[in-house]
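The values are calculated or read from the model by the stated rules, or taken from the named source; none is laboratory data. Values in this document were obtained by computation on a predicted structure and should not be read as measured data. Quick reminder, even Gly has a Cβ in these numbers, built from the backbone with ideal geometry, and neighbours come from all protein chains shown. Side chains are part of the model used for accessible areas, which takes the heavy atoms of the whole protein and leaves out ligands, DNA and RNA. Shrake-Rupley method; radii C 1.70, N 1.55, O 1.52, S 1.80 Å.
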Amino acid sequence: MTKTVHHWIGGKAVEGTSGEFGPVTDPATGAVTTQVAFASAEEVDRAVAIARAAYTTWGTSSLAQRTTVLFKFRALLDANRDAIAELITAEHGKVHSDAFGEVARGLEIVDLACGITTQLKGELSTQVSSRVDVASIRQPLGVVAGITPFNFPAMVPMWMFPLAIACGNTFILKPSEKDPSASMKIAELLAEAGLPDGVFTVLHGDRVAVDALLAHPDVAAVSFVGSTPIARHIHTTASANGKRVQALGGAKNHMLVLPDADLDAAADAAVSAAYGSAGERCMAISAVVAVGAIGDELVEKIRERAEKIKIGPGNDPSSEMGPLITAAHRDKVASYVKGAAAQGCEVVLDGTGLTVEGFEDGHWIGLSLLDHVPTSSDAYRDEIFGPVLCVLRAETYEEGLALINASPFGNGTAIFTRDGGAARRFQLEVEAGMVGVNVPIPVPVGYHSFGGWKDSLFGDHHIYGNDGTHFYTRGKVVTTRWPDPADGPSGVDLGFPMSR
């Protein structure tokens, strides 16, 4: 019998009333293990009303009260890493170590939120004019929403809600309907930590719930991580409804390998960054640009390593890569490999025929490696979001840089070289929001902000770090003049106030 995942509203699990449900499968077996309730527009209205009511007290609560809850939550989250990782593996399919690491990276943002007192310090200028002081402060927005993807069902929500609630907002999470259980476990831990009812809400659903949040007049801001087409829709729709928006889209991350690079280190990095989490991450390296005569040797080193990766169920400790999230996604990823040769690619490894003994109905696909990939091919142009690595060739650094900068995406990129001058040029000249130098996946730590350029980000703010604090607050400037007690009554001055 399948279990049912309902919503989290007002500090407790609440059964869905729409009558609509979606299936959740175990990617390793293909079996439906869970059904998740889909919220109607009316359910969204009720949840927002509860979050709005909770904001009237949480928004004026002391920083000490907020951080006390967050410190307790951090301890509970740390103690429950394994339990959350098991939920992620069961519904997403990634191996347990990867799921465990996801929770650890999310903890970085909780750490940042625990120190929100420093982030929210204002500024004060005294005596800007005679007995006049000016102060800048930051205040919460109200009810804010986060719409998160399937690939990191714990980490990406934690990129959002810890800072949002630390800043005094109430937060509504609409997680992916493909792997909803981690978000419910997080909600339980927040309640156990003492978070007041209504401050954190989980609404499951599809586009009906999303569009209701985007249109709701009491939702002040929306954070999103997902594909570029959806990010563009979120940004356009929410902005048109007067909301603040940060919408992180897709990627085609390139790794430029110069002739002087350590090719063994570059090959290790390429395999890890391209095939880790089965390639289902926006910071995956999906295109390697080999400069000069090193291409053949680099491709061979990547092939040798890729062939040794063990693929199997995520809960098997010997597995290094798990299945894809759904059968439909597996088939879409496979289509890029099957059509690659006809579009001019050399297929070095074709993983589309993989099966795992005892788990034949799982959403399996092996590692694929394509060489001499034309920039006109679908495998290069699209974000595949699977374990497919494209290798392109360039004669010079300048040619490789121009190839990378011509991409419509600008999420992350990396360069592998021993030349500090070349690396310095690259980090200044490349058109991407996150750059790694001999680091294949340059995801910033929690106190720096994450975000790309071009079609990888819509909105002005990156996520978490200082940008996260600024996104979830708005500035106010207060100018104050107090008369000196020795002053007598003064006359009315209708002139413009002057600084002197």
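Here's the yes/no breakdown for (1) touching a residue at least 24 places away in the same chain (Cβ under 8 Å); (2) hydrophobic (A, V, I, L, M, F, W, C):
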position: Thr17; (1), (2): yes, no
position: Pro23; (1), (2): no, no
position: Asp26; (1), (2): yes, no
position: Thr33; (1), (2): yes, no
position: Val36; (1), (2): yes, yes
position: Ser40; (1), (2): yes, no
position: Ile50; (1), (2): yes, yes
position: Thr57; (1), (2): yes, no
position: Gln65; (1), (2): no, no
With the condition being at pLDDT 95 or above and charged (D, E, K, R), I'd like the strands (runs of 3 or more DSSP E) fully within the range 159-261 carrying at least 3 qualifying residues. none
What number of residues in the range 434-457 are open to solvent by 30 Å² or more (accessible area, probe 1.4 Å) and touching a Leu at 6+ places or on another chain (Cβ under 8 Å)? 1
Please work out which residue is nearest to the chain's Cα centre (by Cα), limiting yourself to the range 133-148 and to residues that are open to solvent by 20 Å² or more (accessible area, probe 1.4 Å) and more than 14 Å from Tyr472 (Cα to Cα). Ser136
Being open to solvent by 10 Å² or more (accessible area, probe 1.4 Å) and of a type in the set (D, E, K, R) is the filter; apply it to the range 253-289 and report the residue that is farthest from Thr417 (Cα to Cα). Arg281
Which one is surrounded by the fewest Cβ atoms within 10 Å (Cβ to Cβ), of the residues in the range 317-336 that are in a loop (DSSP other than H, G, I, E, B) and of a type in the set (Val, Ile, Thr)? Thr326
Condition first: within 13 Å of His254 (Cβ to Cβ), in a loop (DSSP other than H, G, I, E, B) and β-branched (Val, Ile, Thr). Now tell me which residues in the range 435-459 satisfy that. Ile441
It is to be established whether one or more residues within the range 390-401 are closer than 30 Å to Pro27 by Cα, open to solvent by less than 10 Å² (accessible area, probe 1.4 Å), more than 17 Å from the chain's Cα centre (by Cα) and at pLDDT 95 or above. yes
Given (1) of a type outside the set (A, V, I, L, M); (2) farther than 24 Å from Ala432 by Cβ; (3) open to solvent by 10 Å² or more (accessible area, probe 1.4 Å); (4) in contact with a Lys or Arg (Cβ under 6 Å, 6 or more places away or on another chain), identify the lone condition not met by Lys301. (4)
Of the candidates Gly362, Gly421, Gly339, Gly344, the one satisfying the condition of being open to solvent by 10 Å² or more (accessible area, probe 1.4 Å) and within 30 Å of Gly93 (Cβ to Cβ) is Gly339
Pro313 passes all but one of (1) open to solvent by 30 Å² or more (accessible area, probe 1.4 Å); (2) more than 27 Å from Asp264 (Cα to Cα); (3) not aliphatic (A, V, I, L, M); which number fails? (1)
Sole exception among (1) among the charged types (D, E, K, R); (2) touching a residue at least 24 places away in the same chain (Cβ under 8 Å); (3) out of contact with any helix residue (DSSP H, G or I) (no Cβ under 7 Å at 6 or more places or on another chain) for Asp455, by number: (3)
